[in-house]
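These notes are about the structure you will find just below.
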Amino acid sequence: MNPLRVTVIGAGISGLAAAHRLLELSKEKQIPLELNILDAGNKAGGTLSTIENNGFLMEEGPDCFITEKPAGLELCKKLGLEDQLIKTNQTLKQSFILKGHRLFPIPEGFYLLAPSRLWPLMTTPLLSPLGKLRAAMEPFIKVRKDPQDESVGQFVRRRLGREVLDNLAQPLIGGVYNADPDDLSLSACMPRFKEMEKKFGSLLKAMAANRIKKQAQVSGARYSLFVSFKKGMESFANALVSQIPSESMWLQSPVDSLKPTDHGTWEVSANSRSQEVDAVILAIQPAKIRPLIGALDKEWDKLLSGIPAHDSATLNLGFRRQDVNHPLDGFGFVVPSREKKLVVGCTFASQKFEGRAPEGYVLLRAFLGQEAVEQVKAQGESAVLEKVLEELKPILNLRDRPVVHHLATYNASMSYFRPGHLSQVSRIEQKATETKGLYLAGNGLKGVGIPDCIAAGQAAAEKIFQGIQ
Ligand SMILES: Cc1cc2nc3c(=O)[nH]c(=O)nc-3n(C[C@H](O)[C@H](O)[C@H](O)COP(=O)(O)OP(=O)(O)OC[C@H]3O[C@@H](n4cnc5c(N)ncnc54)[C@H](O)[C@@H]3O)c2cc1C
């Protein structure tokens, strides 16, 4: 039997999960596989990247993943990584929101965009009396009947009022999606809140009825139910890489052309070398798929251009503990966009997870958005470092400069889902089904979280094997 020739483009968590599943299926079904994974970078893992710097363990990209969606944990178990998993610090349960130069706790029970308890919302200094009154009216707001998708921003404004959106939901959602809630699809990004409105007629009632009990117990954006690895998130990628034959992995191999042949296969080109394969999994963002297949026809181009991706950056900052005159009594804080800061959020990394800083030191990690990345390009890293320190100084009462710092930038790595995303994705999926040998994975279709990416990679691998039975 001729081997099935498959190329995976992208060795981030999506591509690695796809490759791992392809190898499993080839073994299970005893179908020989010729696998190649091509990545533009010089190491596998994509945004999962951990570095050790003077005793600090710094995450350049994601610092944890959610356990509630099963794909991440299940893959860890399969890889024998369970004993490497670490929980967030169980003694700290709060996160903060910046207002002026002060940090205020996220009202207890407030989860992403809705409260589960009214009282903490009525007592928070983050809302004015009028804002509180408007939020308290939420159970009396009519259910929207229009089947058309609406934006997350419109939804929160409609149900809880403008202040809840600007002062609470926007910074929390921005900290997860790195995008404006008015440009995010409710059905694609937060379907369960839409369901709550439909089922209960009110978010407050639904949350109070404890429908999402687990999430509501802890306040914060990505600070509850999350796990990481003792040696950092890159361990996850490394464990997958260790299961893939080294001759299958091609680093520093940016794919610059992908063409269908006239006998139903694909020609993949990187570094001026071409391979002919039976199937290709594109485990990269739609924004990066577009230059490869956008020219095949106008509809591909249009569909892929409708799923944009933002640049982002992280700045790890290691301080002597005595130089940060703040209790750091939480997992970190998020910043409303009306504060007009480069910092979108800041994680107290060494408080959130053990083993991130040496004794007597703390590690902070600022998450920076598109604007900061543009400034890095225009003015250089050190100008942005100074601006970020200037912003953090009055908030955390910094007494001295960090002893170490490390900036990482990501180009178009965070796909985001605009209103109408789901219908666009179903058309993309249909079109991919009609295109022999082409499979899509990555963070641009079903979700940006690590478990979503793993599930998308695995699903692409399974479709390939379904196709040959
Ligand atoms: C700063 C940051 C923080 C985040 N925090 C979290 C978090 O805490 N928890 C969470 O669940 N999610 C988080 N996310 C989201 C999550 O990390 C990503 O959605 C996920 O890792 C994407 O994985 P991927 O494999 O789809 O893409 P990527 O990780 O981007 O990997 C794609 C790979 O494809 C390669 N590539 C691109 N184009 C080509 C080409 N033409 N040819 C060959 N190779 C190519 C790239 O080099 C890259 O290695 C974060 C994302 C960022 C950027």
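For the chain, what is the mean residue ellipticity at 222 nm derived from helices alone (per DSSP H run of n ≥ 4: -39500 (n - 2.57); sum divided by total residues; nearest 500 deg cm²/dmol)?
Details: 18 runs with 167 residues, N = 469.
Helix contribution divided over all residues of the chain: -10000 deg cm²/dmol.
Taking θ as phi - 60° and the Karplus parameters 6.51, -1.76 and 1.60, the scalar couplings of the stretch 54-62 work out to 6, x, 8, 9, 10, 8, 7, x, x Hz in sequence order, x denoting glycine and proline. Note on the stretch 1-62 and the stretch 107-156: Cα centroid distance 41 Å, given to the nearest whole angstrom. Taking Cα atoms only, the orientation of helix 370-379 departs from the longest principal axis of the chain by about 80 degrees. Applied to the stretch 16-24, the Karplus parametrisation 6.51 cos²θ - 1.76 cosθ + 1.60 on θ = phi - 60° returns per-residue 3J(HN,Hα) values of 5, 5, 5, 4, 4, 5, 4, 5, 4 Hz, with x for Gly and Pro. Using the basic label-point model (7 angstrom from Cα toward the beta carbon), what is the residue 302 to residue 354 distance in nanometres? Label at residue 302, label at residue 354, 5.6 nm between them.
Exceedance of the 18 Å cut-off in Cα-Cα distance is limited, within the set 302/431; 99/340; 259/431; 298/463; 230/393; 27/259, to 298/463; 230/393; 27/259. A crude spin-label estimate for the pair residue 383 and residue 337, with each label 7 Å from Cα along the Cβ direction, gives 2.3 nm.
Share of Cα-Cα pairs in the stretch 333-469 beyond 19 Å, in percent? Walk me through the intermediate numbers first.
Numbers: 6102 of 9316 pairs.
Distances greater than 19 Å cover 66 percent of the Cα pairs.
Sparsely packed loop sites in the stretch 308-380 (the GluC sites (Glu not before Pro) outside DSSP H, G, I, E and B with at most 12 other Cβ atoms within 10 Å) comprise 359. For the stretch 1-70, report the % of Cα-Cα distances exceeding 16 Å. In whole percent, the share of Cα-Cα pairs in the stretch 1-70 beyond 16 Å is 61. Across the stretch 100-117, rounded Karplus estimates of 3J(HN,Hα) from the backbone phi angles (6.51 cos²θ - 1.76 cosθ + 1.60, θ = phi - 60°) give x, 9, 10, 9, 10, x, 5, x, 3, x, 7, 10, 6, 9, 9, x, 9, 9 Hz, Gly and Pro being marked x.
Starting with the highest mean, order 145-156, 447-458 by the number of other Cβ atoms within 10 Å, averaged over the residues of each peptide.
Working: 145-156: 16.8, 447-458: 24.1.
Sorting 145-156, 447-458 by mean packing, highest first, produces 447-458, 145-156.
The equivalent ellipsoid that matches the C-alpha gyration tensor of the stretch 305-359 spans semi-axes of 27, 15, 10 angstrom, in descending order. Between residue 412 and 311, 312, the built amide H atoms are under 5 Å apart, and every one of these is 5 or more places off in sequence or on another chain. Counted over the stretch 107-218 with a bin width of 10 Å, the fraction of Cα pairs per bin, in whole percents, is 15, 52, 32, 1.
In the stretch 56-144, what is the volume of the convex hull around the alpha carbon atoms, normalised per residue and reported in Å³? Mind dumping the intermediate values first?
Numbers: hull volume 17.3 nm³, N = 89.
Given the Cα convex hull of the stretch 56-144, per-residue volume reads 195 Å³.
Taking amide H atoms as placed 1.01 Å from N in the peptide plane, the amide H of residue 41 lies under 5 Å from those of 252, 253, each 5 or more residues away in sequence or on another chain. Per residue, the convex hull spanned by the Cα atoms of the stretch 370-451 measures out at 171 cubic angstrom.
The residue 180 and residue 128 beta-carbon pair, evaluated with R₀ = 25 Å, returns a calculated FRET efficiency of approximately 0.65. Candidates 270, 319, 296 compared by Cα position along the dipole of the stretch 270-370: farthest toward the positive end lies 319, with charges placed on Cβ. Measuring nothing but alpha carbons in the stretch 109-149 and taking Rh as the Kirkwood radius, the Rg to Rh ratio lands at 1.05.
Once backbone amide H atoms are built at 1.01 Å from N, residue 33 has 4 as its partners under 5 Å, excluding neighbours fewer than 5 places away on the same chain.
Derived value for the stretch 259-389: Kirkwood hydrodynamic radius 18.6 Å. Basis is the mean of 1/r over every pair of different alpha-carbon atoms. Restricting the calculation to alpha carbons of the chain gives Rg and Dmax of 22.7, 73 angstrom. Once you reduce the stretch 379-412 and the stretch 413-457 to the center of their Cα atoms, the two points are 34 Å from each other.
Read-outs throughout are calculated quantities, based only on the coordinates presented, and are distinct from any laboratory measurement. Nothing here was measured: the structure is a model prediction, and the numbers come from that model. Note: ideal-geometry Cβ built from the backbone for every residue, glycine included; neighbour counts use all protein chains shown.
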